[in-house]
Amino acid sequence: MTTGLVLAADAANAAGAVSTGEAVAFWILGPLAVLGGLGMLFARNAVHSALWLAVTMLSLGVLYMIQQAPFLGFVQIIVYTGAIMMLFLFVLMLVGRDSSDSVVEVLRGQRLAATVLGIGFAVLLVSALARALSLVTPIGLAGPNANGGNVANLGQSIFTDYLFPFELTSALLITAAIGAMVLAYTDRHAPGGKKTQRELVIARFRGEYARPSPLPGPGVFATADSVATPALLPDGSVAPESLSEIIEATSTKRLSEDIAEVSGNVPAPDAHALGGANGTGHRNGSARPGLPASTGTSGSAPGGEEAP
Amino acid sequence: MSTAQLLANDPVWLTIVKVIAIFAFLVVMTLFMIWWERRVVARMQHRPGPNRVGPFGLLQSLADGLKLAFKEDIRPVLADRWVYFLAPVISTIPAFTAFSVIPLGGEVSIFGHHTALQLADLPVGVLVVLACSSLGVYGIVLSGWSSGSPYPLLGALRSAAQVISYEIAMGMSIVAVVLYSHSLSTSDIVTAQQSGWFVWLLFPSFAVYTISMVGETNRAPFDLPEAESELVGGFHTEYSSLKFALFFLSEYINMVTVSALATTMFLGGWRAPWPLSAVGGGVLNTGWWPLLWFVVKMLIFLFVYIWLRGTLPRYRYDQFMRLGWKVLVPISLVWIVLIVGIRAFKNSPNVSPQQVLIAVGVVVALILAVTFLLPTRPEPEDGRIELTGGGYPVPPIDLKVPQTPPRRRRTGVPGTQRQPAGVTAGEDSSASTASSKEASDGSV
């Protein structure tokens, strides 16, 4: 890129002349920018569209740098590609990957208005471009890049000649930001406002919610930590709250050994049966002889029987 | 001759050599950082860390890298094919590019050519680093989106919000440096610190920069986009093999780059630290010596990264955002206004330092007066010490822990015999109660 800058600098001194380096850069970046624009128009996916637009913005930024406006080029990349496109992407991702364009006309006459405005804009753009190419004579970069360089001169003119438009623009942006904040603001203290974490905890313990704690995960005696494994209560029954509505739970048949073990219905290990010939209960050697056998109600759990 | 002019005279082969050298430096730094991080964190946790492969385990990251390359490359069914492929590339390329504007040293002679130890010196060098970091976020965001799975998407959204917010604070901390060095070019910033480093002059900016650089690179305690305890692996959950390696690489290179920028902007860049800079009339600031100082200063920042990771727990997301928007950004804004005011006073011929000091004194006195006028927070009225949130039954402070029932004491389990006889019956016997209970449980 340094060599490109140097080449462009040579070209800039001869006002209006296009050097080889500049031409090469233009014929690489120009088609890229156009390709990005076309891609944005024709991409099916909204995120792909945004990416194509980012390509266009990037090529424009590099084009500015080649044209001896490094500050403009990098600000283009930081602000437009970095921040604004990122916010677009942010919104598109929140909307979801499968959302496609709606063909229903929401506003009446929307397409007609869009067509007319689009044609008008194109006419404006083309006429302005034509005028810029034919009537305006280039004065070269010697003036803007004189003492202090491009960046310093840019700063100077923003804060002297163009101070008022600059401040006006910032006022506009601040107005927009405050407007957005007002629209998005919700009063926490108003009824129905969002609770803080502390208030939420207090409300939970007061009983304003169904239970103070989170729903039970895979239980204490569960053999897996998968969300499909229901929690078992101390009496061996399945905790119904631990079953997910959307995930198919493991059937109780596969859990029968655990349930039997937890509920204490397993016979105590036989000291003579070392080979495990009749050792049905001690699957992993952890049958709990300490648990009294009377606590368990039964192994038949209400939930978990082929839950949908 | 200025650095930009020196670099403009570089022949093409020298530029290529520099590019390759920077590439190699960054890759080696990544390998070294992984090893160093594991060793230092291990030391902080009283364990040896990797010590099997090579001397002191130095080749561990090389072995891990080779292993990573031979793993299966998986693409999830729901992934968006092209974006999923492009995302690691997009995150890696800007990471390498950003380092090209960092001045690693002053003027040296390479094979007879006089050049500076820097690849490119743009008039907007600092902005290049910012631009590259804002492009690098694309890699993270797109990887999260294209994986087609909820955890990566959440990580990507967090990362987008996080990097945009912290880039503002970072940019503002850079403004102060630019005001004092009169240039956005990195080599000019180093030159401007000849008489004194900006870390002393602009300490608030330095503090804001160091905090926001940790946020910008998604490192602990701000590693929310890849929070293991919440999002499995965050944005790179679905990645494996070399694609994952690219994310790993770009994360470490970004750390190296922002540390290098911090060195350049606040710690005098490649300049020798104070007592050494006076040796032999500044001989340590010439030739290849600066490379050493630069790397040492950069390693200090990188060590702080590791130190933070070994020490601090992860921030909650809203606290993290609050820190960025409500602390760092306002501090930077006030600080910028302050130094602009100071510089304006200093440069105007009509104002003497005396007048400036008087004005500052009046302002400080006014602020103090206002703070005295602020009402103090009311004390709790009934003189009781609040224990928890109001209105709930709490145990009284002078609650007596009930004594162990005599039946249990009499069982005479071995655990209780170690203790003096008087303690169990004493008033404050919670410890012995607990231990005897434990012991009696064991005997059943």
From the options B:21, B:79, B:98, B:4, residue that is within 14 Å of chain A (Cβ to nearest Cβ) and within 26 Å of the chain's Cα centre (by Cα): B:98
Go through (1) of a type outside the set (S, T, N, Q); (2) over 24 Å from residue B:223 (Cα atoms); (3) surrounded by fewer than 23 Cβ atoms within 10 Å (Cβ to Cβ) and name the single condition residue B:148 misses. (2)
When you go through A:204, A:211 one by one, which is the residue that is open to solvent by 60 Å² or more (accessible area, probe 1.4 Å), modelled with pLDDT of 80 or more and in contact with a Pro (Cβ under 6 Å, 6 or more places away or on another chain)? A:204
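In the stretch A:20-101, which helices (runs of 4 or more DSSP H) lie fully inside it and hold 1 or more residues that are over 26 Å from the mean Cα position of the chain (by Cα) and crowded, with 18+ Cβ neighbours inside 10 Å?
Numbers: elements: A:20-42, A:46-66, A:70-75, A:85-95.
Counting at least 1 such residues, we get A:20-42, A:46-66, A:70-75.
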Residues within the stretch B:41-65 that are free of Cβ contacts under 8 Å to residues at least 24 places away in the same chain and under 30 Å from residue B:141 (Cα atoms), tallied: 1
The conditions are (1) more than 14 Å from chain B (Cβ to nearest Cβ); (2) open to solvent by 60 Å² or more (accessible area, probe 1.4 Å); (3) not in a loop (DSSP other than H, G, I, E, B), and residue A:199 fails exactly one of them. Which is it? (1)
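Check B:17, B:40 and return the single one that is open to solvent by less than 50 Å² (accessible area, probe 1.4 Å) and out of contact with any Pro (no Cβ under 7 Å at 6 or more places or on another chain). Please lay out each step first, then the result.
Numbers: B:17 fails: open to solvent by less than 50 Å² (accessible area, probe 1.4 Å).
Result of the check over B:17, B:40: B:40.
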Residue pairs within 8 Å by beta carbon, gap of at least six or interchain, first lying in the stretch A:136-157 and over 12 Å from residue B:182 (Cβ atoms), second aromatic (Phe, Trp, Tyr), listed first then second, are A:150/A:71; A:154/A:71
Report every pair of residues separated by at least 6 positions or lying on different chains whose Cβ atoms are under 6 Å apart, first residue within the stretch B:66-95 and under 12 Å from residue B:241 (Cβ atoms), second among the hydroxyl-bearing types (Ser, Thr, Tyr). B:71/B:240; B:71/B:241; B:73/B:241; B:74/B:240
Which of the residues belonging to the stretch B:139-155 are more than 7 Å from chain A (Cβ to nearest Cβ) and either part of a helix (DSSP H, G or I) or of a type in the set (Val, Ile, Thr) (or both)? B:139, B:140, B:142, B:143, B:144, B:146, B:150, B:151, B:152, B:154, B:155
The one condition residue B:88 fails out of (1) assigned to a helix (DSSP H, G or I); (2) closer than 23 Å to residue B:181 by Cα; (3) away from chain A (no Cβ under 14 Å) is (2)
Could you list, in sequence order, all residues of the stretch A:112-146 that are under 30 Å from residue B:188 (Cβ atoms) and either touching a helix residue (DSSP H, G or I) at 6+ places or on another chain (Cβ under 8 Å) or assigned to a helix (DSSP H, G or I) (or both)? A:140, A:141, A:142, A:144, A:145, A:146
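Residues checked against (1) modelled with pLDDT under 90; (2) within 30 Å of residue A:46 (Cβ to Cβ); (3) of a type in the set (D, E, K, R):
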residue: B:43; (1), (2), (3): no, no, yes
residue: B:65; (1), (2), (3): yes, no, no
residue: B:68; (1), (2), (3): yes, no, no
residue: B:83; (1), (2), (3): yes, yes, no
residue: B:92; (1), (2), (3): no, yes, no
residue: B:104; (1), (2), (3): yes, no, no
residue: B:107; (1), (2), (3): yes, no, yes
residue: B:114; (1), (2), (3): yes, no, no
Suppose the filter is within 14 Å of chain B (Cβ to nearest Cβ) and modelled with pLDDT under 80; does residue A:149 pass it? yes
Lone unmet requirement of (1) more than 14 Å from chain B (Cβ to nearest Cβ); (2) out of contact with any helix residue (DSSP H, G or I) (no Cβ under 6 Å at 6 or more places or on another chain) for residue A:158: (2)
If we keep just the residues of the stretch B:171-189 that are buried (at least 22 other Cβ atoms within 10 Å of the Cβ) and within 11 Å of chain A (Cβ to nearest Cβ), which is farthest from residue B:290 (Cα to Cα)? B:184
Listed by first then second residue, the pairs whose first member lies in the stretch B:129-146 and is within 22 Å of residue B:175 (Cβ to Cβ), whose partner is crowded, with 24+ Cβ neighbours inside 10 Å and of a type in the set (Val, Ile, Thr), with beta carbons under 6 Å and at least 6 positions apart or on separate chains, are B:131/A:77; B:137/B:163
Sort out for me the helices (runs of 4 or more DSSP H) sitting completely within the stretch B:332-444 that have 1 or more residues that are farther than 30 Å from residue B:180 by Cα, open to solvent by less than 100 Å² (accessible area, probe 1.4 Å) and at pLDDT below 75. B:406-410, B:414-417, B:421-425, B:430-443
Is there a residue in the stretch B:114-128 that is more than 9 Å from chain A (Cβ to nearest Cβ), farther than 23 Å from residue B:297 by Cα and either open to solvent by 10 Å² or more (accessible area, probe 1.4 Å) or not acidic (Asp, Glu) (or both)? yes
Take the stretch B:187-219 and flag every residue that is farther than 20 Å from residue B:132 by Cβ, among the small types (Gly, Ala, Ser) and outside any loop (DSSP other than H, G, I, E, B). B:192, B:205, B:207
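The values are calculated or read from the model by the stated rules, or taken from the named source; none is laboratory data. For clarity, every value in this text was computed on a predicted model and none was experimentally measured. Methodologically, a virtual Cβ is constructed for each residue, glycine included, from the backbone with ideal geometry; neighbour enumeration extends over all protein chains shown. These accessible areas exclude ligands, DNA and RNA; they are computed on the full protein's heavy atoms, side chains included. Shrake-Rupley method; radii C 1.70, N 1.55, O 1.52, S 1.80 Å.
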